[in-house]
Amino acid sequence: MPLIRPLLRHNHSIISRGKHILNKISSPRINVCAFSTSIHWAKFPMGPPDPILGLNEAYAKDVNPNKVNLGVGAYRDDTGSPYVLKCVRDAEEIIKNNNENHEYAPITGCPDFVKEAMAFAYGDDSKVLTENRVAATQTLSGTGGLRVMGELLAKFGHKHIYVPNPTWGNHIPIFGNAGLEVRKYRYYDAAKSGLDFNNLIADLKDAPEESAVLLHVCAHNPTGMDPTMEQWSQISDVVKERKLLPFFDCAYQGFASGNAPQDAAPLRMFIEEGHELALVQSFS
């Protein structure tokens, strides 16, 4: 029951010394610097435009005083600046006062962080934790966790993965670049502004046995439309019937309802019903 543990998003850069030109790849996380006459980099094409960055640029140029930026999932104050939660500030103070020595973490991450993250998702009294049945590692953010799990699935026999339609835009390139064919199951009925549950169930029933299926634990991105617990129970039954691998992405635990255990209820129900699942958590 693998558990991939993201931590934070960071910006990374690859830098060439000497005279160079800056070619910004569309990803907000990577900048590549290359010599203008380089025989190594000249044939590397620019990446496609990032729609989220485009929204941010349009927002910055918009003069409408009532504008709202929905391009990034983050808390904002009334001025549009990031709102840092008090618990985050308190945690920063605790870390600062502990005078950490910045020692290298083990290969699977900070043990205390991984332990607390597992308890946060599964619950302190979860049998899979008390029986030491969860393999867990810390990765770099949600994107890192998804990529690691995608490659793990591809390496050990999975050829494809089913994702909801629609889903977070980055799910598709992440899994594709990890070596998986990305297939979709119906999820949202735009005409009715609601969950397309009957077709969701039908598509899962049509999926080949032992397929990996991505499920959003709560606060489905981008629709915000989550199944009820009764519907989750029916999804669980189909997943069992078809011997599917439930792969949960948990990015907003605590932010959907304001109650972290309540938001984790679908995941914990799948555990109680005996599923051997995968989970990616992120806190960024």
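Screening Glu210 on (1) assigned to a loop (DSSP other than H, G, I, E, B); (2) in contact with a helix residue (DSSP H, G or I) (Cβ under 6 Å, 6 or more places away or on another chain) shows it passes everything except condition (2). When His158 is tested against (1) touching a residue at least 40 places away in the same chain (Cβ under 8 Å); (2) out of contact with any Pro (no Cβ under 8 Å at 6 or more places or on another chain); (3) assigned to a strand (DSSP E or B), just one condition goes unmet, and that condition is (3). Evaluated against (1) open to solvent by 30 Å² or more (accessible area, probe 1.4 Å); (2) more than 20 Å from Ala219 (Cα to Cα); (3) not in a helix (DSSP H, G or I), Arg147 falls short on exactly one condition, (3). Confirm whether Leu195 is farther than 18 Å from Gly123 by Cα, touching a Ser or Thr at 6+ places or on another chain (Cβ under 6 Å) and of a type in the set (A, V, I, L, M, F, W, C). Against the criterion (farther than 18 Å from Gly123 by Cα, touching a Ser or Thr at 6+ places or on another chain (Cβ under 6 Å) and of a type in the set (A, V, I, L, M, F, W, C)), Leu195 does not qualify. The requirement of being exposed (fewer than 10 other Cβ atoms within 10 Å of the Cβ) and part of a helix (DSSP H, G or I) is satisfied by Ile94.
Scanning region 158-179 for residues that are within 10 Å of Ala212 (Cβ to Cβ) and open to solvent by 50 Å² or more (accessible area, probe 1.4 Å) returns a single hit, Lys159.
Output the residues belonging to region 222-247 that are assigned to a loop (DSSP other than H, G, I, E, B) and either farther than 28 Å from Gly157 by Cβ or open to solvent by less than 50 Å² (accessible area, probe 1.4 Å) (or both).
As a first pass, look at region 222-247 and keep what is assigned to a loop (DSSP other than H, G, I, E, B): 222-228, 242-244.
Within region 222-247, Pro222, Thr223, Gly224, Met225, Asp226, Pro227, Thr228, Leu244 meet the criteria.
Residue count for region 174-190 under the criterion of being modelled with pLDDT under 95 and either farther than 21 Å from Leu70 by Cα or in contact with a helix residue (DSSP H, G or I) (Cβ under 8 Å, 6 or more places away or on another chain) (or both): the result is 0. Kindly provide the set of residues from region 39-87 that are hydrophobic (A, V, I, L, M, F, W, C), surrounded by 12 or more Cβ atoms within 10 Å (Cβ to Cβ) and modelled with pLDDT of 85 or more, ordered by number. Trp41, Phe44, Ala58 - these are the residues of region 39-87 that are hydrophobic (A, V, I, L, M, F, W, C), surrounded by 12 or more Cβ atoms within 10 Å (Cβ to Cβ) and modelled with pLDDT of 85 or more. With respect to the conditions (1) buried (at least 22 other Cβ atoms within 10 Å of the Cβ); (2) within 20 Å of Val114 (Cα to Cα), Phe270 lacks only one, and its number is (2).
Just a yes or no: is a residue in region 202-221 open to solvent by less than 20 Å² (accessible area, probe 1.4 Å) and free of Cβ contacts under 8 Å to residues at least 40 places away in the same chain? Talk me through it step by step, then tell me what you get.
Going residue by residue through region 202-221, those that are open to solvent by less than 20 Å² (accessible area, probe 1.4 Å) are 204, 207, 211-218, 220.
Within this subset, residues satisfying the condition of being free of Cβ contacts under 8 Å to residues at least 40 places away in the same chain are none.
Checked against the condition, which is being open to solvent by less than 20 Å² (accessible area, probe 1.4 Å) and free of Cβ contacts under 8 Å to residues at least 40 places away in the same chain, region 202-221 yields no hits at all.
The values are calculated or read from the model by the stated rules, or taken from the named source; none is laboratory data. Since this is a predicted model, take the numbers as computed values, not measurements. When we count neighbours, we look across all protein chains shown, and the Cβ atoms used for this are built from the backbone with ideal geometry, even at glycine. Accessible surface areas use protein heavy atoms only, side chains included; no ligands, DNA or RNA. Shrake-Rupley method; radii C 1.70, N 1.55, O 1.52, S 1.80 Å.
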